[in-house]
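In what follows, a single structure is set out as structure tokens and then discussed.
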Number of protein chains: 2
Amino acid sequence: MSSQNALLSLFISLAVLETLAAARLPGLRSTAELNNSLTYLWPVPTSFSHGVGVLSIDPDLDLNDEGDGGESSIVQEAFQRYKEIIFNHRCVKRDRYDVTRLTISVESDDETLQLGVDESYMLFIASDEVRSVIQGITIEAKTVYGALRGLETFSQLCNFNHRTKTVEVHKAPWVILDKPRFAFRGLLIDTSRHYLPINTIKQVIESMSYAKLNVLHWHIIDEESFPLEIPSYPDLWSGSYTKGERYTIEDASEIVDFAKKRGINIMPEIDVPGHAESWGAGYPDLWPSPTCREPLDVTKSFTFEVISGILSDMRNIFPFELFHLGGDEVHTDCWNSTSHVKQWLLDHNMTAEEAYQYFVLRAQKIAIQKGRTPVNWEETFNTFKTCLNPRTVVHNWLGSGVCPKAVAQGFRCIVSNQGVWYLDHLDIPWQDFYNNEPLEGIKDVSQQPLVLGGEVCMWGETTDASNVQQTIWPRAAAAAERLWSAREDTSTGNINETVLPRLEYFRCLLHQRGVPAAPLTNFYARRPPIGPGSCYLQ
Amino acid sequence: MSSQNALLSLFISLAVLETLAAARLPGLRSTAELNNSLTYLWPVPTSFSHGVGVLSIDPDLDLNDEGDGGESSIVQEAFQRYKEIIFNHRCVKRDRYDVTRLTISVESDDETLQLGVDESYMLFIASDEVRSVIQGITIEAKTVYGALRGLETFSQLCNFNHRTKTVEVHKAPWVILDKPRFAFRGLLIDTSRHYLPINTIKQVIESMSYAKLNVLHWHIIDEESFPLEIPSYPDLWSGSYTKGERYTIEDASEIVDFAKKRGINIMPEIDVPGHAESWGAGYPDLWPSPTCREPLDVTKSFTFEVISGILSDMRNIFPFELFHLGGDEVHTDCWNSTSHVKQWLLDHNMTAEEAYQYFVLRAQKIAIQKGRTPVNWEETFNTFKTCLNPRTVVHNWLGSGVCPKAVAQGFRCIVSNQGVWYLDHLDIPWQDFYNNEPLEGIKDVSQQPLVLGGEVCMWGETTDASNVQQTIWPRAAAAAERLWSAREDTSTGNINETVLPRLEYFRCLLHQRGVPAAPLTNFYARRPPIGPGSCYLQ
């Protein structure tokens, strides 16, 4: 940050910044018309400065790519996507525009997308004509993914003027220096309780990129259905609801590619040994018995061969180093009441709880052998913390408080406190999503970097392709700003004055982009508007 | 129909139809897996015959266009759209396919899209290799719009096989001869109670084409907001909620063009003299007084100048001959209590009800002078039927029974009985949508053609961009089959056996195409699924 701030100081001293206003979230009431003293960017950038001018943007905006990464198809395709978003309304052609060209300069041509990839960018917006260092529109980034974030910010600054029928940037010139606060900004979807078609998943991914979220945690399989093809064990997806409610490995690759082009990693999950009843539809041997279908049979080497096969197959599809192994809600009662399991426990001198630990650690070992970093739900840490592989990422969900304990033990952690970050809890208001501070309770600054970030969870019991987007949005956006923006910008002031109008604006921006974000002001999420009115006030 | 049936008989006698099964909606229980004795086409075609073969379709399917209309960009672009829909899953490349080419033969290059345009088509599907008249896939149509309907039907016959990773047509060969029962198959959207962004309207239009609906009744303006630009009276859209919640004339043209490419007409509505309070935001003179803002001021020539200006401007945007002038729910009380209006009524020796008639007829005259056919809500007919211009199309909504009276008087009629075809009535089940027979009560066959068809209405009080699609779908599809398919196919048998599984299938098809159609089996529409399960059973 320091070097960026120095750069910012330099720019601020330049004559190009006409009347500069440091518009950092001043408080104002919510009205349907925009409030000039708020900055309608979501999530709010790390630092920004602007003037008071208005620039017209040429609908035939040209891309000028620079740097080793500028020619990347990821950049080129994103530019075309954002052009369609920005010029959503037909413009009336003018003789001249203030800006006719967008320069994207990307330092590196390395397109590897892993945890902690550099997503920082600088965005400069001024007239083409001005004689200054800042001339025209420039996005500078170290990686293509930083360039994507800059394009998103630029697109949010573009407004269609219905009178002049021109796209304009207001409050120009702009200098924005931005980077994410947390490396892991996730959203979980659940395709076991309801199958979500490829197009629906793509819609979710596309909308995540608007809020600068960067990890889709794909809870693919659970007890209800097993929709994914596993070539090594081709009968596993017999556990799908129907033959059509399935993903081939090519479908999964398509989703991974689509997400990568938006700077989003897919973190797959196979939740073991609980939540796995559907595995036995194709391979009944994985069940301890026909009446004890879960947790998976801990006694058989076949169980771990299948897990190993799944990991091998999925490694070819999902390049993300983090791999979620579940481990939550493991109820071992029926292990104790199944004779061959009971005998095995006796033979191995284990309690059922120890067998649960044995299972989780053996699955972790398989994942690590295949180059994956295991992520496990917090019960694994709560039950046998010191035994977990030290590379384990602990995934909080039961409530607040586990991440401080996990990072104190040296583990990395992801926050998903169900009381505030579970999207299927329809009674959690956006304010609670917004105010959930991932570093709460972690005073030791050396431990803070172990919190990778957080994730909002869209469990699928009552959510299918008909309503997943309006259950996710706009509340997920509240968490997205918490995870991207500076702590001081998201933790002070009256959020009903400084944040609500901006979030309402972002909801309406999602609408314009075809994303059906639900009203904000209802008590329960995803409920219809209660009566006629402007998008900006509901 | 007769010549088509003769042709069908000919084909049926050909050796190419292996084991032919005339699968006309046999009754079977609803299960998550497809029932082989049902034909999963929505709406069900007028007549069809098929075999028992399976044909693989080349993902690089070529288009062979024939006839004067084959080269139309409407056909060419539709072919590309449907290719994307059909090959939604990545296919594994094979050495050979049964079908590599689709022939579309369109007789006419006339792209005029008006009420009654020929939408009939014939669809033949067989292997490329077979020696027969039916060879490969052929769509024959008189107009480009018939070709679009044929492409939709073809796309619904294509299934992705998750095992072979190939798109297949089952029960081949196919001979389908199809045409709509009614010329007007509409859906109303309301952009006054809530603004719907361009992208949302496009999503609605795209999904309408999947159900072969062909008129979007755009209730643009109402008392709450006036979102449309009217160049002749540029302050009218001051009545919009915000500066952003507006449509320019270019936006409207974009929507008209988008719809035309899908064979869908846009029927605009300006609802006068009631439901027009928002007009006065820009021109307060249109209000009888600041406390009497509706109905519009009947006494001023300015009122009719504005209506004339709107009609002139809108004629340039909306080529459809039908123009909706509203006329419903006109409460004239405040005319009687506004002194200058009261005086005008005295001077003209009119009651308020007569002034309502005067207003409607004067507006009709303006529309007719500008080459438009007026459509009016049924109150106009109920109140002063014999005075209406004989070209008037009466639009039913208050309940059943008005269309029989209207056609008996020689008027044309559109059915939208609110008790069964109002989508905002969430307690109307799909069965009621399905069973609403537009010709009910009209025994005289010479009067039956005066029923143009029907329309389901998506009023916007509690519907915005966040939930409009799942309030429309799947119930609108039930009405769509009623309006397209033969009466005998939609009026017999146990619809929970013959129709429900097909409608569930269509709902899931909408999901695959990215349309968030709500569950069918809930009591109230647009409610979430009540628990985990297959799309096909909820």
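Checked against the criterion of being within 14 Å of chain B (Cβ to nearest Cβ), farther than 27 Å from A:L452 by Cα and not basic (K, R), the candidates A:N88, A:N64 yield just one match: A:N88.
For the range A:279-302, the count of residues that are under 30 Å from A:I74 (Cα atoms), within 14 Å of chain B (Cβ to nearest Cβ), open to solvent by 10 Å² or more (accessible area, probe 1.4 Å) and touching a helix residue (DSSP H, G or I) at 6+ places or on another chain (Cβ under 8 Å) is zero. The condition of being assigned to a loop (DSSP other than H, G, I, E, B), away from chain A (no Cβ under 14 Å), surrounded by 19 or more Cβ atoms within 10 Å (Cβ to Cβ) and modelled with pLDDT of 90 or more holds for only one of B:L102, B:L113, that being B:L113. Of the residues screened, A:V167 is one that is within 14 Å of chain B (Cβ to nearest Cβ), assigned to a strand (DSSP E or B) and open to solvent by less than 10 Å² (accessible area, probe 1.4 Å).
If you check B:T492, B:T498 for being among the hydroxyl-bearing types (S, T, Y) and without any contact (Cβ under 8 Å) to a residue 24 or more places away in the chain, only one passes: B:T492. Scanning the range B:396-428 for residues that are in contact with a Leu (Cβ under 8 Å, 6 or more places away or on another chain), open to solvent by 30 Å² or more (accessible area, probe 1.4 Å) and within 19 Å of B:T462 (Cβ to Cβ) yields a single hit, B:Q418. Residues in the range B:250-277 that are within 14 Å of chain A (Cβ to nearest Cβ), open to solvent by 10 Å² or more (accessible area, probe 1.4 Å) and out of contact with any strand residue (DSSP E or B) (no Cβ under 8 Å at 6 or more places or on another chain): B:E250, B:S253, B:E254, B:D257, B:F258, B:H275, B:E277.
Taking the range B:359-424 as the region of interest, the strands (runs of 3 or more DSSP E) fully inside it that hold 1 or more residues being modelled with pLDDT of 95 or more, farther than 30 Å from B:G309 by Cβ and hydrophobic (A, V, I, L, M, F, W, C) are B:412-415. On inspection, A:R487 fails the criterion of being among the basic types (K, R), within 14 Å of B:N467 (Cβ to Cβ) and out of contact with any Gly (no Cβ under 6 Å at 6 or more places or on another chain). Take A:V456 and tell me if it is away from chain B (no Cβ under 14 Å) and either over 30 Å from B:L510 (Cα atoms) or out of contact with any Ser or Thr (no Cβ under 9 Å at 6 or more places or on another chain) (or both). For A:V456, the condition - away from chain B (no Cβ under 14 Å) and either over 30 Å from B:L510 (Cα atoms) or out of contact with any Ser or Thr (no Cβ under 9 Å at 6 or more places or on another chain) (or both) - is not met.
Pairing each residue of the range A:117-136 that is free of Cβ contacts under 8 Å to residues at least 12 places away in the same chain with any residue that is surrounded by fewer than 21 Cβ atoms within 10 Å (Cβ to Cβ), provided the two are 6+ apart or on different chains, yields C-beta distances under 7 Å for A:Q135/A:D128. Examine the range B:48-58 for a residue that is under 26 Å from the mean Cα position of the chain (by Cα) and either modelled with pLDDT of 95 or more or surrounded by fewer than 15 Cβ atoms within 10 Å (Cβ to Cβ) (or both), and state whether such a residue exists. For the range B:48-58, residues under 26 Å from the mean Cα position of the chain (by Cα) and either modelled with pLDDT of 95 or more or surrounded by fewer than 15 Cβ atoms within 10 Å (Cβ to Cβ) (or both): present. If you go through the range A:218-237 and keep only what is open to solvent by 50 Å² or more (accessible area, probe 1.4 Å) and within 13 Å of chain B (Cβ to nearest Cβ), you end up with A:E223, A:E224, A:P231, A:P234, A:D235. Going through the range B:436-475 one residue at a time, which ones are without any contact (Cβ under 8 Å) to a residue 60 or more places away in the chain and among the acidic types (D, E)? Of everything in the range B:436-475, those that are without any contact (Cβ under 8 Å) to a residue 60 or more places away in the chain and among the acidic types (D, E) turn out to be B:E437, B:E440, B:D444. Cβ separations smaller than 6 Å between residues 6+ apart or across chains give the following pairs from the range A:57-77 residues that are closer than 29 Å to A:T164 by Cβ to residues that are part of a strand (DSSP E or B) and β-branched (V, I, T): A:I57/A:V99; A:I57/A:V167; A:D58/A:T100; A:N64/A:T103.
Each residue in the range B:131-164 was checked for being modelled with pLDDT under 95, of a type outside the set (A, V, I, L, M) and open to solvent by less than 20 Å² (accessible area, probe 1.4 Å), and 2 of them qualify. Could we say that B:T490 is away from chain A (no Cβ under 14 Å), at pLDDT below 95 and in contact with a Lys or Arg (Cβ under 7 Å, 6 or more places away or on another chain) here? So B:T490 fits the description; yes. If you go through the range B:521-536 and keep only what is open to solvent by 20 Å² or more (accessible area, probe 1.4 Å) and more than 8 Å from chain A (Cβ to nearest Cβ), you end up with B:T521, B:N522, B:F523, B:Y524, B:R527. Taken together, A:S108, A:S127 contain a single residue that is open to solvent by 10 Å² or more (accessible area, probe 1.4 Å), part of a loop (DSSP other than H, G, I, E, B) and within 15 Å of A:P173 (Cβ to Cβ), which is A:S127.
Mind listing just one residue for me: the one in the range B:189-217 that is out of contact with any His (no Cβ under 9 Å at 6 or more places or on another chain) and more than 14 Å from chain A (Cβ to nearest Cβ) and, of those, nearest to B:L296 (Cα to Cα)? Here the residue is B:L216. Restricting attention to the range B:195-227, the residues being outside any helix (DSSP H, G or I) and in contact (Cβ under 8 Å) with a residue 60 or more places away in the chain number 11.
The values are calculated or read from the model by the stated rules, or taken from the named source; none is laboratory data. Just so we're clear, the structure is a prediction, and the values are computed from it rather than from any experiment. FYI the Cβ positions are ideal-geometry reconstructions off the backbone, even for glycines, and counts take in every protein chain you see. Please note that ligands, DNA and RNA were not included when accessible areas were found on the heavy atoms of the full protein model with its side chains. Shrake-Rupley method; radii C 1.70, N 1.55, O 1.52, S 1.80 Å.
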